[in-house]
Every structure is written in structure tokens, then in C-alpha cells.
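The structure appears below as C-alpha cells.
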Amino acid sequence: MTLEDKTNPNLISLVKDLKDQAREKDAPIWRDVAERLESPMKNWAEVNLSNIQRYAEDGDTVLVPGKVLGAGILDKKITVSAFKVSGSAKESISEAGGEYLKIRELAERKPDGSEIKIMG
């Protein structure tokens, strides 16, 4: 599947912007995320909060190239970024003192891609 097969204009724009940023800032993390988002949605990562709780430390920034689901308990202050997030996951992240960002917002905040953990 190629980017031309995608129909979501927001996704198409995001993938192109991430690839541009990867070239401009010499940050291969954004190319990797763009390529993962280009794959069929059935292959996208779906990460539960319990996995984020298990593998991330307090203060980490976690990027999920797919969807974050609300199963599990999160009690760490973590910045989470994903293309999609369930309502319960978003609520749990904010209750734990963390922050949810869209991938585009994270790319603007950390253009060089440093200190980001990819899950999924």
C-alpha cells in the first residue's frame, strides 16, 4: 500500500510533513514514523496504557504510530503522542499528570526527534 492509496487528507499531509522534517532536520525517527503510518491500518500499532506504564519511565515521551487504548492503569507523568487515542486513554493520561499530543504537535515540539521512545 502506498500513500496514494490513503484517503484521509490529514494522514496524507502528516506523512508528507514528517518525511520533509526528517530530511530538513536530519531526524530519521520522523521517516520511520511516516513509513509506519503509510502501512495498512490493520498493521498499525495498538498500545494499551498498561504497556506504556510497564515500559516508560516518569517524564518520558512515548510515540505510538497508531492508536493508544485505555486498558490498564497509568500513574506516571508521561507525554504520549499517537495518530489516534481512545477517550478513556486520553482521560487516564491527563489524570496521571501527563499530556497527550498529536504526532504533528510532537514533531513541532521536538523537531530533531531526540528523547522520544517509539512503542508498537
Rough spin-label spacing in nm, given labels placed 7 Å along Cα→Cβ, for K102 and N8 = 1.1
If each residue's Cβ is checked for other Cβ atoms within 10 Å, how do K67, K42, K16 rank with the fewest at the top?
-> K42, K16, K67
Considering the chain as a Gaussian network with a 10 Å cut-off on Cα pairs, which listed residue, I29, I93, I12, attains the greatest mean-square fluctuation?
-> I12
Shape call for segment 25-81 from the C-alpha gyration tensor, a ≥ b ≥ c root eigenvalues: rounded (a/c under 1.5), prolate (a/b greater than b/c) or oblate?
-> oblate
Rounded to the nearest 500, what is the chain's calculated 222 nm mean residue ellipticity when only DSSP H runs of at least 4 contribute -39500 (n - 2.57) each, over all residues?
-> -12500 deg cm²/dmol
In Hz, Karplus ³J(HN,Hα) per residue of segment 9-17 (6.51, -1.76, 1.60; θ = phi - 60°; x = Gly, Pro) | x, 5, 5, 4, 5, 4, 4, 5, 5
For segment 71-120, what class follows from the C-alpha gyration tensor (a ≥ b ≥ c being the square roots of its eigenvalues): rounded when a/c is under 1.5, otherwise prolate if a/b is larger than b/c, else oblate?
-> prolate
Karplus-derived 3J(HN,Hα) from phi for segment 56-69 (6.51 cos²θ - 1.76 cosθ + 1.60, θ = phi - 60°), whole Hz, x at Gly and Pro, runs 10, 9, 4, x, 5, 10, 10, 10, 10, x, x, 10, 9, 10
Taking H as built 1.01 Å from N, whose amide H comes closer than 5 Å to the amide H of A82, not counting residues under 5 places away?
-> V64, L101, I103
Looking at this model, which pairs from K16/K110; K25/K77; K19/K77; K19/K117; K16/K77; K6/K77 are more than 26 angstrom apart at the alpha-carbon?
-> K25/K77; K19/K77; K16/K77; K6/K77
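Quick one: Y55, Y100, fewest Cβ neighbours within 10 Å first, how do they rank? It would help to have the intermediate numbers written out before the result.
On the way: Y55 12, Y100 19.
Exposure proxy ranking, most exposed first: Y55, Y100.
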How high is the relative contact order of the chain, in percent, with contacts defined as C-alpha pairs under 8 Å that are six or more residues apart?
-> 24
Assuming 1.002 mPa s and 20 °C, estimate D for the chain with Stokes-Einstein, Rh taken as the Kirkwood radius over Cα pairs, in µm²/s.
-> 149
Assertion target for W44, W30, ordered by fewest C-beta neighbours within 10 angstrom first, is W44, W30
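Coordinate-derived values only; no laboratory data. The structure presented is a predicted model; accordingly, all values stated were derived computationally and were not measured. As a convention, Cβ positions derive from the backbone with ideal geometry for all residues, glycine included, and neighbour counts pool all protein chains shown.
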